[in-house]
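Novice: Have a look at this one.
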Amino acid sequence: AALKRLPHLLLIPLDETLARQAMELAADHRLRASDAVYTAVALRFGSTLVTLDREQRERVARAIPARLPAEALKDLGA
């Protein structure tokens, strides 16, 4: 309940379309299921994937921009 009150939180349902896209990304980029879902959400919103997972960043680099948290903050000028 407390998380739902966060002002900038957006919950994304894992619907059939997103699940299928995640499955395709997993197969195409050799991603674990959870990493593929994060990637599919980032693709859906045209955003950068921010992660500490080196393997995930390397594998999704052809599909979407992927950055370390420090790099993403630098990109934002923070």
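The values are calculated or read from the model by the stated rules, or taken from the named source; none is laboratory data. Since this is a predicted model, take the numbers as computed values, not measurements. Reconstructed Cβ throughout: ideal geometry from the backbone, glycine too, with neighbour counts over all protein chains shown. Accessible surface is based on the protein model in full, side chains and every heavy atom, while ligands, DNA and RNA are left aside. Shrake-Rupley method; radii C 1.70, N 1.55, O 1.52, S 1.80 Å.
Novice: Scan region 5-17 and give yes if some residue there is in a helix (DSSP H, G or I) and modelled with pLDDT under 95, otherwise no.
Specialist: Yes, because at least one residue in region 5-17 is in a helix (DSSP H, G or I) and modelled with pLDDT under 95.
Novice: Sticking with this one: Just one of (1) free of Cβ contacts under 8 Å to residues at least 24 places away in the same chain; (2) part of a helix (DSSP H, G or I) trips up D35, so point out which.
Specialist: (1)
Novice: I'd like the residue in region 38-56 that is assigned to a loop (DSSP other than H, G, I, E, B) and open to solvent by 60 Å² or more (accessible area, probe 1.4 Å) and, out of all such residues, is nearest to L76 (Cα to Cα).
Specialist: T48
Novice: Can you pull out every residue in region 57-78 that is surrounded by 11 or more Cβ atoms within 10 Å (Cβ to Cβ) and under 26 Å from A27 (Cβ atoms)?
Specialist: Passing the criteria: R57, E58, R59, V60, A61, A63, I64, P65, A66, R67, L68.
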